[in-house]
Amino acid sequence: MITVQLDKKKHNRDAFDCGVDALNNYLRVIAGQQSSRDNTRTFVLEDANVSESIIGFYTLTMTSFDLNALPEKLQKKHNNVKTGGLIARLAVDKRYVKQGFGEWLLIDALKKLLLASQIVAFPIIIVDAKEGVIQFYKKFGFAAFLDTPDKLFITLVDVRASLE
């Protein structure tokens with residue numbers, strides 16, 4: 001399995017349905033626009049049998065964060081850092097749920113951000129977890145920001161250690 005960048009001409013975005021209107025709409029209408037403006041990059045996992053069909057997707061970008069919302073140990077270690085990698089969206093089509101694709105997409109996104117961090121350094125990866133999926137991210141080592149329980153982070157040190 002590999003992910004590829006969303007191709008509006010190839011991928012059937014209208015058939016994708018993860019059950020969350022905001023995520024479906026983002027993929028159908030906004031993802032391509034944001035990519036063409038260099039604001040985000042959206043990657044899709046194609047169905048091996050029908051490459052136009054999207055199993056799932058994730059969107060990556062950079063974001064700013066409040067250093068004071070991290071644990072004190074990390075505040076001291078990264079005392080002037082204000083940006084991190086962001087997994088802005090991650091979703092799996094309802095037809096493919098409970099088959100491990102969400103986990104696979106998350107690991108793929110972490111690998112891409114780890115690679116990016118070797119070129120443009122940043123110490124953490126952030127995700128704004130939607131209701132009901134916080135535990136999904138926590139089982140992969142994400143922890144909540146001190147001031148926002150649904151805003152989660154993982155350090156690049158931890159990602160690197162878990163992937164090596």
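Which of the residues that make up the stretch 40-97 are more than 27 Å from GLY132 (Cβ to Cβ) and of a type in the set (S, T, N, Q)?
Correct list: ASN49, SER51, ASN68, GLN75, ASN79, ASN80, THR83.
Among the listed residues VAL44, VAL50, VAL81, which satisfies the condition of being of a type in the set (Val, Ile, Thr), surrounded by fewer than 12 Cβ atoms within 10 Å (Cβ to Cβ) and either modelled with pLDDT under 95 or not in a loop (DSSP other than H, G, I, E, B) (or both)?
The match here is VAL50.
One line per residue, one yes/no per condition, for (1) among the hydrophobic types (A, V, I, L, M, F, W, C); (2) under 20 Å from LEU23 (Cα atoms); (3) surrounded by fewer than 18 Cβ atoms within 10 Å (Cβ to Cβ):
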residue: TYR58; (1), (2), (3): no, yes, no
residue: GLU72; (1), (2), (3): no, no, yes
residue: PHE136; (1), (2), (3): yes, yes, yes
residue: ALA161; (1), (2), (3): yes, no, yes
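Looking only at the stretch 125-134, decide whether some residue is farther than 26 Å from PHE16 by Cβ, surrounded by 18 or more Cβ atoms within 10 Å (Cβ to Cβ) and either polar (S, T, N, Q) or within 16 Å of the chain's Cα centre (by Cα) (or both).
Scanning the stretch 125-134 turns up no residue that is farther than 26 Å from PHE16 by Cβ, surrounded by 18 or more Cβ atoms within 10 Å (Cβ to Cβ) and either polar (S, T, N, Q) or within 16 Å of the chain's Cα centre (by Cα) (or both).
Looking at (1) over 14 Å from TYR96 (Cα atoms); (2) exposed (fewer than 13 other Cβ atoms within 10 Å of the Cβ), which one does TYR26 not meet, given that it meets all the others?
(2)
Within the stretch 6-22, does at least one residue satisfy the condition of being basic (Lys, Arg), at pLDDT 95 or above, closer than 20 Å to PHE101 by Cα and touching a strand residue (DSSP E or B) at 6+ places or on another chain (Cβ under 6 Å)?
No, there is no match, as no residue in the stretch 6-22 is basic (Lys, Arg), at pLDDT 95 or above, closer than 20 Å to PHE101 by Cα and touching a strand residue (DSSP E or B) at 6+ places or on another chain (Cβ under 6 Å).
Pick out, from the stretch 84-164, the helices (runs of 4 or more DSSP H) lying fully within it that include 3 or more residues that are farther than 27 Å from HIS11 by Cβ and not basic (Lys, Arg).
Where helices (runs of 4 or more DSSP H) fall fully within the stretch 84-164 and carry at least 3 residues being farther than 27 Å from HIS11 by Cβ and not basic (Lys, Arg), they are 156-163.
For residues that are on the phi > 0 side of the Ramachandran plot and among the aliphatic types (A, V, I, L, M), tally how many sit in the stretch 34-78.
0
Quick one: which residue in ASP147, ASP108, ASP128 is at pLDDT 95 or above and of a type in the set (Asp, Glu)? Full working, then the answer.
Numbers: ASP147 fails: at pLDDT 95 or above; ASP128 fails: at pLDDT 95 or above.
None of the other options fit; the residue is ASP108.
The values are calculated or read from the model by the stated rules, or taken from the named source; none is laboratory data. Source: prediction; values computed, not measured. Cβ atoms come from the backbone with ideal geometry, glycine included; neighbour counts cover every protein chain shown.
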